[in-house]
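Before anything else, here's the structure in question.
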């Protein structure tokens, strides 16, 4: 058992003495491969912890034993979840394979935590109605209805751009979802007018930004270079925009970003408390409920798979377990007595 300790929030200066240029190389490689800013922050954070854990030794001089010691300490000392340990391992493997260019023949021998299989929390239709009715902020009410009505993840909803909503076809194009995949989901008829009104408000806000010399928005990858003026085009603007301007952490450009997803998380939590729901509810619960309610209404599981953007139908099959029918309606023998 190791006696080494972790730094919960290691600062750049502490890790810099181990490899002053290494973390910059990590960031450059992550950006070259178009990883998100959130993944970049997470990976850099784990690599810092890995270096500090081993007394600031350079990773090139470490290997399987050091990686396993770090992961074991995470599980034993910090009692982190399997998913957290898996993210730490992914960050370290990215460092070795993508930055240091090392072949890892011992990769398959590294002990990984087994992720437990959990059934998702699902609201009934009545509980969903109570949750939506309890949301006080009109903008948050629209967001929550949209997440439930489309099955989008919370960040997918926050990153929704004006051009990706087709009101005529009642479709929403979800760009760069999980796994960097695009997909199409429905636009509920009951949300059309409310979403149109929101887009009109965004146009007024965007025109005011432009008049003040602002109005640009973050564009993915190299689009900003290929289309220099596109970042001010209204179609590229986020529908759910932040109330204030902010500085892009990568480019330093001041622009209007999308709403912070933490606002949605707080709104859902407050609404659940107000509606007196005993289940643990988060924005992702709305996605689970969307899928389950579609299956309960008789929708084909392949259709639900496409709407959710699942790579494999086995992922979608978990909702049949939530229904407790496994594809067939099962009646308890007690109910036959």
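Rule-based calculations on the coordinates, nothing more; no lab input. Predicted, not measured: the structure shown is a model, and the values here were computed from it. Cβ: placed from backbone, ideal geometry, glycine included. Neighbour counts: every protein chain shown.
Note down the relative contact order for the range 12-109 as a percent, whole number, built from C-alpha pairs under 8 angstrom at least six residues apart.
Computed value for the range 12-109: 32 percent relative contact order.
Write down, largest first, the equivalent ellipsoid semi-axes of the chain in whole Å, where each equals the square root of 5 times an eigenvalue of the alpha-carbon gyration tensor.
37, 31, 18
Sorted by mean Cβ packing within 10 Å, highest first, what order do the peptides 197-206, 296-305 take?
Highest mean packing first, the order is 197-206, 296-305.
Full extension from residue 246 to residue 233: what is 0.36 nm times the residue separation minus their Cα-Cα distance, to one decimal in nm?
2.8 nm
With a Förster radius of 22 Å, plug the Cβ-Cβ distance of residue 121 and residue 82 into 1/(1 + (r/R0)^6) and report the FRET value to the nearest 0.05.
0.75
While we're on this one: Specify the residue with the greatest mean-square fluctuation among 286, 100, 146, computed from a Gaussian network of the chain linking alpha-carbon atoms under 10 Å apart.
Checking each option, the largest mean-square fluctuation is seen for 100.
At 222 nm, what value in deg cm²/dmol follows for the chain if DSSP H runs of at least 4 each add -39500 (n - 2.57) and the sum is divided by all its residues, to the nearest 500?
-13500 deg cm²/dmol
Give, as ranges by residue number, the residues of the range 271-306 whose backbone N falls under 20 Å from the point 7 Å along Cα→Cβ of residue 170.
Within reach of a label on residue 170, which here means backbone N under 20 Å from a point 7 Å along Cα→Cβ, the range 271-306 contributes 290-301, 303-306.
Still on this structure, I have one more. Is the range 125-322 rounded, prolate or oblate when judged by the Cα gyration tensor, a ≥ b ≥ c being the square roots of its eigenvalues, rounded requiring a/c under 1.5 and prolate requiring a/b larger than b/c?
prolate
Follow-up question, since we're still on this one. For the range 45-175, what size does the Cα cloud have along each of its three principal axes, sorted from largest down, in whole Å?
Principal-axis extents of the Cα atoms in the range 45-175, largest first: 58, 33, 26 Å.
Right, here's the next one. Starting from the Cα gyration tensor of the range 12-109, multiply each eigenvalue by 5, take the square root, and state the resulting semi-axes largest first in whole Å.
19, 15, 15
Ratio of Rg to Rh for the range 131-247, alpha carbon only, Kirkwood?
0.96
Related question: With an 8 Å cut-off on Cα pairs and a minimum separation of 6 or more residues, tell me the relative contact order of the chain in percent.
So the answer I get is 17 percent.
Let me ask something else. For the range 165-214, what's the relative contact order in percent, using C-alpha pairs closer than 8 Å and at least 6 residues apart?
25
Of 266, 31, 169, which is the most mobile in a GNM of the chain whose springs link Cα atoms less than 10 angstrom apart?
Answer for the Gaussian network model of the chain: 169.
Provide 175, 38 in ascending order of the number of other Cβ atoms located within 10 Å of each residue's Cβ, fewest first.
Going from least to most buried by this count: 38, 175.
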